[in-house]
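Each remark here refers to the structure printed beneath this line.
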């Protein structure tokens, strides 16, 4: 989804181009939501599927290939397409794999990477092949079928907030009792209906929030597919979450996001857009004195840091209230 601005600029530069996305199967669901993409391919899952896959690549006669990963697999696939223009990144401090298989390289310094949003790094690749950067829009458009399902789950009318409390790192989870307290204040003081959603592995967290809440919060079934979650999140007036994939999906469909960050670089990974709020503890992290970090917290490792727990309930409530007041 964060490659949306790349697609937008390719389409503006070449209005009649046929743009194909190659991705792992787990991420293929986001492709139909981008109106600039014509087709999608997924990597073969079994060795026997590769000959047919490569034959299909050659038949398509791609003229330009942008490789955003530069792994052994993607470098090989890039060369096998036979495209005359083949580009990838040459990132400082990261090994530039198989440079002879490419015709162009976008040089990105570590200073640039650390001080710009990830979408700016991505845009360096089309720029390296001469595509002018005229837009920074990142937009997903939910499908009508998914919209219909979302409407049945979340009826229209009244202010609504969706809370996704999960994270791929257990260290980066704001405490359940604080989520519950914010849910209570939103419903008691602002008359907002709060909904909870999360993946199957995060259901204990959902139950912990519901158990701690004094008001009634509604649980909506987990949207396992990206397309379904995009349609679901689009029906809300605000979205509360951690730094996560759902954060980027909600932002891309236009829902104001309040994102809770720990020690990860918010400059790189914040939600795209001007109407979102990022709440983060002061960095460098000073949660604990040197030598007194509770195991397995690791200073400097954003996946093993409890920094997000430093964010107070009052700041989270205030940020959501501002988002609701501003409107979509």
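Could you work out how much longer the chain between residue 282 and residue 310 gets when fully extended? Use 0.36 nm per residue separation minus the Cα distance between them, nm to one decimal.
So the chain would gain 9.2 nm between residue 282 and residue 310.
If I build a Gaussian network model for the chain, linking alpha-carbon pairs within less than 10 angstrom, which residue out of 46, 58, 185 has the largest mean-square fluctuation?
Among 46, 58, 185, the largest mean-square fluctuation in the Gaussian network model of the chain belongs to 46.
If each Cα of segment 141-254 is one equal point scatterer, what is log10 of I(q)/I(0) from the Debye formula at q = 0.09, 0.20, 0.23 Å⁻¹?
Debye curve over Cα of segment 141-254, log10 I(q)/I(0) at q = 0.09, 0.20, 0.23 Å⁻¹: -0.21, -1.10, -1.41.
Going by the alpha-carbon gyration tensor, a ≥ b ≥ c the square roots of its eigenvalues, is the chain rounded (a/c under 1.5) or, if a/c is not under 1.5, prolate (a/b greater than b/c) versus oblate?
Because a/c hits 1.5 or more and a/b exceeds b/c, the chain counts as prolate.
What ranking do 263, 115 get, fewest neighbouring Cβ atoms within 10 angstrom at the top?
Fewest-to-most ranking of 263, 115: 115, 263.
Based on the Cβ-Cβ distance of residue 20 and residue 137, what FRET efficiency does E = 1/(1 + (r/R0)^6) give at R0 = 22 Å, to the nearest 0.05?
About 0.60, to the nearest 0.05.
How far is helix 4-13 tilted off the main Cα axis of the chain, in degrees rounded to 10, range 0 to 90?
Long axis of 4-13 versus the principal axis of the chain: about 40 degrees.
In segment 64-108, which residues have a backbone nitrogen under 14 Å from the label point lying 7 Å from residue 54's Cα in the Cα-to-Cβ direction?
73-82, by backbone N distance to the label point.
GNM on the chain, C-alpha springs below 10 Å: top fluctuator among 33, 93, 205?
93
Taking neighbour Cβ counts within 10 Å as the exposure measure, how do 307, 297, 183 sort from fewest upward?
297, 307, 183
Before anything else, pin down the relative contact order of segment 155-326: Cα pairs under 8 Å, at least 6 apart, normalised by residue count, whole percent.
Relative contact order of segment 155-326: 25 percent.
Compute the long axis of helix 50-60 from its Cα atoms, compare it with the longest principal axis of the Cα atoms of the chain, and write down the angle in degrees, 0 to 90, nearest 10.
Its long axis makes an angle of about 70 degrees.
On a C-alpha basis, how far is the centre of segment 213-268 from the centre of segment 31-60 in Å? Whole number, if you could?
So the two Cα centres are separated by 30 Å.
With equal scatterers on the alpha carbons only and no solvent term, can you work out the Debye log10 of I(q)/I(0) for segment 155-326 at 0.11, 0.12 1/Å?
-0.43, -0.51
On a 0 to 90 degree scale, rounded to 10, what angle separates helix 118-128 from the longest Cα axis of the chain?
Helix 118-128 sits at roughly 10 degrees to that axis.
Residues in segment 126-146 near a label at residue 96, defined as backbone nitrogen under 17 Å from the 7 Å Cα→Cβ point?
126-130
Contour minus end-to-end for residue 152 and residue 115, with contour as 0.36 nm per residue of separation and end-to-end as the Cα-Cα distance?
Extra length available between residue 152 and residue 115 comes to 9.1 nm.
With r as the distance between the Cβ atoms of residue 84 and residue 203 and R0 = 51 Å, compute the FRET efficiency 1/(1 + (r/R0)^6) and round to 0.05.
About 0.50, to the nearest 0.05.
Laboratory data are not the source of any read-out in this text; all were calculated from the coordinates shown. In this text, all values refer to a predicted model and were calculated from it rather than measured experimentally. Cβ: placed from backbone, ideal geometry, glycine included. Neighbour counts: every protein chain shown.
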